[in-house]
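Only one structure is covered here, and it is reproduced in the block below.
Readers should treat all values here as calculations from the given coordinates under stated rules, not as data from a laboratory. Please read all numbers here as calculations on a predicted model, not as lab measurements. Cβ sites come from the backbone with ideal geometry, for glycine too, and all protein chains shown count toward neighbours.
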Amino acid sequence: MNPILVTGGSGQVGQSLARLAPEGFELVMPRRAELDISDPESCAEMVASRDWSAVISSGAYTAVDKAEADVTAAWEANAIGPAALAAASAKAGIPILHLSTDYVFDGSQSGAYQESDPVAPIGVYGASKEGGEQAVRTANPRHIILRTAWVVSPFGNNFIKTMLRLGADRPLLRVVGDQWGCPTSALDIAATLLALVDHVTRDAAPPWGTYHFVNAGEANWHQLAVAVLDRAATHGRPRPEIEAITTADYPTLAKRPANSRLSTAKLEQAFGIQPRAWQTAIDEITDELLGADVK
């Protein structure tokens, strides 16, 4: 297999891809000085620089609240960059796998979102990611768009690390309990992306399109905090009281979807990928973090 170009190598999914890449996969993850995903010319030059098998577009502007004021930067990274990558990959005759988000939905419906449900982003971040989806779809017909949500991992900054840090010092934590989603391991996202790359580079006519991947099951943020800190307690960590609060009690610059549940039935049917339970994934991450310093 020829090398695979990966954007966002320093992120949670990028670092997970680097850990999991099996023999036979050469993942090339350029640094910002080599590839600026907000610069179309930089994207086009990078895609044209080698004989790639595929592009994995996992780089993004993910500061949800900051994006409300930093609109141009969010759109450059989340829409213009993917547009350039998709156009360049189409010109090179290779597929692109693009990572997207639950934030393309407004969170107003009950039950899990299907891929065919209408998008209606409620903030700059979600709108810019939806713009990136549209750009990828129109620029390269050989695409997989993979939406995910509530990403956590042993890497970077995420909810599990925050709960472990705060739980070590505070007797009481107040965590939102009226936003629902599917906690998802970046390692499981990475494994899914690698499986999809293998599939689309070997299959002459793979089922291109938009799919969802999240770990199985659902939770609210309060329940996820309880799961993390209950697991931490088995490692001898203090177990603070965890109080459920409402979204109104914890105002943020960007509005969050109340419902971020995503259905994975389409992915399971098309590719046979069955997500494991979020509790198993969260326990695994928590155990790893508590086996080393949590930073």
Computed magnitude of the charge dipole of region 215-259 (debye, nearest 20; Cβ of K, R +1, Cβ of D, E -1): 160
Region 1-54 - convex hull of alpha carbons, volume per residue in Å³: 71
For the chain, share of DSSP beta bridges that run antiparallel, in % to the nearest 5: 5
Kirkwood-type radius of region 236-295, with distances r between different C-alpha atoms, in Å: 15.8
Kirkwood-type radius of the chain, with distances r between different C-alpha atoms, in Å: 19.5
Cα-centre dipole for the chain with unit charges at Cβ (Lys and Arg positive, Asp and Glu negative), debye to 20: 140
Of every Cα-Cα pair in region 72-159, the percent that sits beyond 21 Å: 36
Region 234-256 and region 89-165: distance between their alpha carbon centers, rounded to Å: 24
Extension gain from THR280 to ASP230, taking 0.36 nm per residue of separation minus the Cα-Cα distance: 16.7 nm
Distance (nanometres) between label positions extended 7 Å along Cα→Cβ at ARG165 and SER10: 1.7
Least to most buried among PHE25, PHE105, PHE271 (fewest other Cβ within 10 Å first): PHE25, PHE271, PHE105
Calculated log₁₀ intensity ratio I(q)/I(0) where the Debye formula runs over C-alpha points of region 46-92, q = 0.14, 0.23, 0.25 Å⁻¹: -0.40, -0.79, -0.86
Point-to-point label distance, ARG174-ALA195, nm (Cα→Cβ direction, 7 Å offset): 4.1
Ratio Rg/Rh, restricted to region 16-124 and using Cα atoms, in which Rh is the Kirkwood radius: 1.01
Long-range tail of P(r) for region 64-217 (Cα pairs > 26 Å, %): 33
The chain, helix-only ellipticity at 222 nm - DSSP H runs n ≥ 4, -39,500 (n - 2.57), divided by all residues, nearest 500: -11500 deg cm²/dmol
Cα convex hull of region 184-238, projected area averaged across orientations, nm²: 5.4
Extension gain, ASP65 back to GLN134 (0.36 nm per residue minus Cα-Cα distance, nm): 22.6 nm
Spin-label pair SER110/ILE245, simplified geometry with 7 Å Cα→Cβ offset, distance in nm: 2.8
Paired Rg and Dmax values of region 169-270, which use every Cα atom, in angstrom: 18.0, 57
